Amino acid sequence: MPGVVGNENNRKFKTQEERQTAFKVLIEHLEQGYNQDSFPICDWETIEWYIDNFSMDFDSEKIREARRKGMKHWEGVGYEGLHKPKDFSAIAWIFIMKNKYSDLWSDMKEVQLGNKKGEVFKQDVRKVTDEELDEALDQVIKD
């Protein structure tokens with residue numbers, strides 16, 4: 001059930017000290033490789049509100065840095081697992097990486113089309129917009 005418009009029930013960090021403490025806990029959470037949506041103190045929408053309204057207490061660059069450190073943590077898990085494979089599941093690790101960092105860890109998805117002239121269109125579709133793909137397909141079909 002949505003809250004009453006204009007209430008501030010989700011503004012739980014009322015003092016600068018409370019905001020700074022919450023931010024410190026958030027940074028630790030992200031640096032350890034946990035997802036922003038599993039942050040137990042509040043939801044991400046609330047964090048975004050604090051970033052917008054209290055940027056001196058919720059520094060967005062530090063959040064990006066903490067996320068990079070979190071990814072480094074998970075890459076370190078894989079690195080250690082490859083060098084000390086006892087009880088390491090590469091399949092589980094890859095699955096985690098693909099789910100947590102799908103923009104960087106997805107499998108290549110290629111489309112290859114040919115026309116009557118023998119011309120071939122081959123493209124990694126992760127890097128192509130729908131409009132570009134439609135245009136390329138139309139061009140191949142025309143030729």
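The values are calculated or read from the model by the stated rules, or taken from the named source; none is laboratory data. These numbers come from a predicted model, not from an experiment. Positions of Cβ are generated from backbone atoms using ideal geometry, with glycine treated the same way; all protein chains shown enter the neighbour counts.
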Pairs where the first residue, in the range 23-46, is modelled with pLDDT of 95 or more and the second is acidic (D, E), C-beta under 6 Å, 6+ apart: F23/D57
Residue check for F58: outside any helix (DSSP H, G or I) and in contact with a Lys or Arg (Cβ under 8 Å, 6 or more places away or on another chain): yes
